[in-house]
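Beneath this line is the structure, given in structure tokens, with notes to follow.
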Amino acid sequence: MSTIAEGTDNGTDTTPEEVDVVVVGAGFSGLYALHRLRRSGLSVICFEAGDGVGGTWYWNRYPGARVDIESVQYSYSFDDQLQQDWHWPELFSPQEDLEKYINHVADRFELRPMIRFGARVNRMQFDEGIRMWHVSTESGHRVTAKYVFAATGPLDATNIPQFPGLENFQGTLVHTSQWPREGVDYAGRRVGVIGTGSTGVQVVPEMAKDAGHLHVFQRTPVYTVPAHNQPLDSSYERDWKEHYAERRAMMRRHPNALVLPMQGHGSIFDYTPEQRLKILEEAWQARSGLLFFFLFNDVMRDIEANDVVAEWFRGKIRQIVGDQEVAEMLCPKTYPLGTKRLSIDSGYYETFNRENVTLVDVGSNPIVEITPAGLRTTAEEYDLDVLVMATGFDAMTGSLTRMNVTGLGGVDLADKWADKPWNYLGLMVSGFPNLFMVHGPGGPGVVAQMVTQCEYQIDWFTDLIDHMESHALATVDTTHDIEAEWCDELAEVANQTLFPRADSWYAGANIDGKARSFMIWVGGFDVFADRCDEVAANDYRGFVLKP
Ligand SMILES: Cc1cc2nc3c(=O)[nH]c(=O)nc-3n(C[C@H](O)[C@H](O)[C@H](O)COP(=O)(O)OP(=O)(O)OC[C@H]3O[C@@H](n4cnc5c(N)ncnc54)[C@H](O)[C@@H]3O)c2cc1C
């Protein structure tokens, strides 16, 4: 075993030419991979496009950016002393606190020297002669590695819809995931926000407080429930710290890798309309917003059950929003509740009662072009000083396909995935040996809490590496038959739910020209992890290991 490859600058001088492992990305996943790999004694280098650690929480600095899982849960479990020492000021942490935490982790575990910042990987090529990966960055690094961890993030590849005239806009144009560290001056100005997904839901109430006027351009209305965020209660924190071990074990056994106190009411049809109302109302008022979506076990499977909750939900919107025309525009009616990314908010619907906020329906009257002074829809023209794109990501696959990855026979990953993102267990793609995807398409990814998931996946990969190193194995791959079986199983499981009924980014629907294929394992993180354990216990069944 060789030593850790360390260096502190962005240049090539301290970067070795050959390492055991390249980790791409220094978010939650990349940092944990560095920590775990260091324990294995392998030489490791990490390339990170940004100038700091944190991934999602480094890039998404927009006003209102906040986690939607309680921070006592959305945090690392690998070091109990870290869990005990760390204090989260709020129940749902804002971006600043998450960035502080992840920087603390990088320093505490001395991970920073292994990372080259400002180093975007722009080429990865598998060399069949030496059975290693050649990895290059935009800043000139050239490294050869036996293994690569693609910890590049499921929600990292920014999506900016190419509206005609975009380049002509004279005001400030910003995507929420590229929000400048120094902020954007929008106080008193005419602001437009395009997009009302999870990010729009967070950014709109915050910007409305200071904007002169805020136009919200909505194509599809969103279901979002109140977060009831608050300072972290000290007795609640103490209770978590005393019970971390058992709670983390519960997360491993939960379909969404969560501890949710109120779930499990069974079928909605087991209750009278009055009882349902009571349960729903209690959940709406409760502290953990997302549990609302897990109240009844048939809501994600039975459209009639879903309709009951969705109609109740629309009633809530009509109650909160004063202008009933606006309320109707905000009511989701074209897809079942929960089949697009769940959102929790701090005063989203209430924001539309403000005099300085206007909702614009660009579903009925699409945006035609961005003009130098603002934007034009088929119905009207809007003058804007600041235009915010809350338009999300080329999710799950984008950060991988944008990296120019070529595997066996010179096959480009983007070509391989032209019709669907073939994969086995979301972990590997056939023809791309020793390339490990964290939160890859085909895994539970964005429908379960992702810190617990990344720890699980990285432990699984590092155990596999330990197995390979101790058995003098050179490569691990899978086959197209195996990945086709997995993709069929994934689709079958998804088809038993209502998820495929939405045109969502879970299926690539937000990106023009992207293949429509449901990319997420919705059979539960618990089932997924059991399957991965079973595969490992059976000599990595479905994987092909070669000396
Ligand atoms: C606004 C927002 C809110 C979210 N809230 C939640 C939540 O409440 N709960 C939850 O479970 N999940 C949430 N997520 C999902 C979130 O992405 C994950 O929880 C988690 O942060 C993923 O960590 P990661 O390290 O795998 O990826 P990321 O944090 O995305 O990190 C990937 C890193 O890879 C780097 N990278 C990518 N490509 C390259 C390249 N070619 N070369 C070099 N570096 C590269 C990026 O710069 C980035 O730093 C949220 C996502 C967003 C965008």
Subject >> Single condition Thr196 does not satisfy, out of (1) within 15 Å of the ligand (Cβ to nearest atom); (2) crowded, with 19+ Cβ neighbours inside 10 Å; (3) part of a strand (DSSP E or B) >> reply: (3)
**OP:** Tell me, yes or no, whether the range 68-86 has at least one residue that is more than 23 Å from the chain's Cα centre (by Cα), crowded, with 23+ Cβ neighbours inside 10 Å and on the phi < 0 side of the Ramachandran plot.
**Re:** no
Original post:
Since His134 meets every condition but one in (1) in a strand (DSSP E or B); (2) over 25 Å from Trp57 (Cβ atoms); (3) in contact (Cβ under 8 Å) with a residue 24 or more places away in the chain, which condition does it not meet?
Top reply: (3)
Subject >> the range 353-377, residues that are free of Cβ contacts under 8 Å to residues at least 40 places away in the same chain and within 14 Å of Asn168 (Cβ to Cβ) >> reply: Arg376
Subject >> From the options Val535, Val522, Val476, residue that is in a helix (DSSP H, G or I) and not basic (Lys, Arg) >> reply: Val535
**OP:** Give the residues of the range 313-339 that are part of a helix (DSSP H, G or I) and either open to solvent by 40 Å² or more (accessible area, probe 1.4 Å) or of a type in the set (Val, Ile, Thr) (or both), sorted by residue number.
**Re:** Ile317, Arg318, Gln319, Ile320, Gln324, Glu325, Val326, Glu328, Met329
Original post:
Does the range 102-118 contain any residue that is part of a strand (DSSP E or B) and surrounded by fewer than 19 Cβ atoms within 10 Å (Cβ to Cβ)?
Top reply: no
**OP:** Output the residues belonging to the range 71-92 that are of a type outside the set (Phe, Trp, Tyr) and within 22 Å of Arg252 (Cα to Cα).
**Re:** Ser71, Val72, Gln73, Ser75, Ser77, Asp79, Asp80, Gln81, Leu82, Gln83, Gln84, Leu91
Subject >> Filter result for the condition that a residue is among the β-branched types (Val, Ile, Thr) and either more than 10 Å from the ligand (Cβ to nearest atom) or within 21 Å of Phe126 (Cβ to Cβ) (or both), over Val446, Val405, Val451 >> reply: Val405
Original post:
Any chance the range 249-262 includes a residue that's open to solvent by 40 Å² or more (accessible area, probe 1.4 Å) and in a strand (DSSP E or B)?
Top reply: no
Original post:
Which residue, of Val527, Val522, is within 21 Å of the chain's Cα centre (by Cα), closer than 15 Å to Val447 by Cα and surrounded by fewer than 18 Cβ atoms within 10 Å (Cβ to Cβ)?
Top reply: Val527
Original post:
For the range 25-67, how many residues are more than 6 Å from the ligand (Cβ to nearest atom), out of contact with any Phe, Trp or Tyr (no Cβ under 6 Å at 6 or more places or on another chain) and open to solvent by 20 Å² or more (accessible area, probe 1.4 Å)?
Top reply: 9
Original post:
Within the group Trp460, Trp422, which residue is open to solvent by 10 Å² or more (accessible area, probe 1.4 Å) and in a loop (DSSP other than H, G, I, E, B)?
Top reply: Trp422
**OP:** Please list, ordered by first then second residue, the pairs with beta carbon atoms under 6 Å, 6 or more apart or interchain, first in the range 25-54 and within 19 Å of Glu469 (Cβ to Cβ), second at pLDDT 95 or above and within 9 Å of the ligand (Cβ to nearest atom).
**Re:** Ala33/Ala151; Leu34/Cys46
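The values are calculated or read from the model by the stated rules, or taken from the named source; none is laboratory data. Computed from a predicted structure; not experimentally measured. Positions of Cβ are generated from backbone atoms using ideal geometry, with glycine treated the same way; all protein chains shown enter the neighbour counts. Note: accessible area is taken over every heavy atom of the protein model, side chains too, but ligands, DNA and RNA are not part of it. Shrake-Rupley method; radii C 1.70, N 1.55, O 1.52, S 1.80 Å.
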